[in-house]
Amino acid sequence: MLNRAIEVAKQTLKGFEKHLPVDIQAIIQAHNIAIRTQPLEDAVSGILVVKNGHATIGVNESHHPNRQRFTLAHELGHFLLHGDSTSVFIDASPVFFRDETSSEGSKLQEIEANAFAAELLMPEHMLRNVTQNQPLDAFDEGAVRRLAAQFGVSTQAMTIRLTKLGLING
């Protein structure tokens, strides 16, 4: 299932990968989805509501811009991957489950939305190109921070992505 999420992200990125960081707002607007930056409980990073064929993503205005970008990509992932199964997604942090009684299917949806967001904002081919397939040193915080800034994501998100792709040495 993660392969599907990654492939959908790659297709979604086409035409938008010319510049870094990836313009997530332009991608969302191309899908005719409204974006609302609004006050939300601190534990809530984002909301996707699909009603009468129209979608709106709400993002927590108090969160760091890099976190907002990941939230936007995550909610877009829900829309493209799961929009036909549920009409409301509320993503709370630090764990992206809708509630304490989420089923395994819901947990899988959150994992897929995270995989989609990671591939969309930190495409594997671009990371491999930037690092020239040479793993970074996990203890070189400056290099990871600069790479995260280039892609418009948090250093934590970048570290996780680099680790999953085998592009960081521990």
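No lab work stands behind these numbers, since they all come straight from the coordinates. It should be emphasised that the depicted structure is a prediction, and the values quoted were computed from it without experimental measurement. Please note: Cβ atoms are built from the backbone with ideal geometry, for glycine as well, and neighbour counts cover all protein chains shown.
Going by average Cβ neighbours within 10 Å, how do the peptides 48-58, 137-147, 154-164 rank, with the highest at the top?
On the way: 48-58: 15.7, 137-147: 13.6, 154-164: 18.1.
Put in order of decreasing packing, that is 154-164, 48-58, 137-147.
Could you work out how far the C-alpha centroid of the range 31-45 sits from that of the range 125-154, in angstrom?
The distance from the Cα centre of the range 31-45 to that of the range 125-154 comes to 28 Å.
Taking amide H positions as placed 1.01 Å from N in the peptide plane, with prolines and chain starts having none, which residues 5 or more places from Leu136, or on another chain, fall under 5 Å of its amide H?
Here Ile168, Asn169 satisfy the definition.
At q = 0.12 Å⁻¹, what log₁₀ I(q)/I(0) does a Debye calculation on the Cα points of the range 1-67 give, no solvent, two decimals?
The computed values of log10 I(q)/I(0) come out as -0.39.
Order these peptides, 13-20, 25-32, 114-121, by their mean beta-carbon neighbour count within 10 angstrom, highest first. Provide the component values of the computation, followed by the final result.
On the way: 13-20: 11.4, 25-32: 13.5, 114-121: 24.9.
Ranking the peptides 13-20, 25-32, 114-121 by packing returns 114-121, 25-32, 13-20.
Taking amide hydrogens as modeled 1.01 Å from N in the peptide plane, which residues meet the under 5 Å criterion relative to Thr37, leaving out close sequence neighbours?
Val59
Report relative contact order for the range 2-121 in percent, whole number only (criteria: Cα-Cα under 8 Å, sequence separation at least 6).
Working: 178 pairs, mean separation 38.1, N = 120.
Averaging sequence separation for qualifying contacts and normalising by length gives 32 percent for the range 2-121.
Could you work out the Kirkwood radius for the chain, taking every pair of different alpha carbons, averaging 1/r and inverting it, reported in Å? Let's see the in-between values first.
On the way: mean 1/r = 0.0615 Å⁻¹.
Answer for the chain: a Kirkwood hydrodynamic radius of 16.3 Å.
What shape does the range 123-170 take by its C-alpha gyration tensor, where a ≥ b ≥ c are the square roots of the eigenvalues and a/c under 1.5 counts as rounded, a/b above b/c as prolate, and the rest as oblate?
Details: a/c = 1.37, a/b = 1.05, b/c = 1.30.
In terms of gyration-tensor shape, rounded.
Per residue of the range 119-130, in order, report the coupling 6.51 cos²θ - 1.76 cosθ + 1.60 (Karplus, θ = phi - 60°) as ³J(HN,Hα) in whole Hz, putting x for Gly and Pro.
Calculated HN-Hα couplings, in order: 5, 5, 8, 10, x, 3, 5, 6, 5, 5, 5, 5 Hz.
Any aspartates and glutamates with Cα under 17 Å of the Lys10 Cα? List them, leaving off those in the same chain fewer than 8 positions away.
Asp23, Glu75, Glu112, Glu119, Glu124
Treating the beta-carbon of each Lys and Arg as +1 and of each Asp and Glu as -1, no other charges, what is the dipole magnitude of the chain about its Cα centre, to the nearest 20 debye? Can you show the working numbers first?
Values: 15 positive and 19 negative charges, 99 e Å.
Dipole magnitude for the chain comes out near 480 debye.
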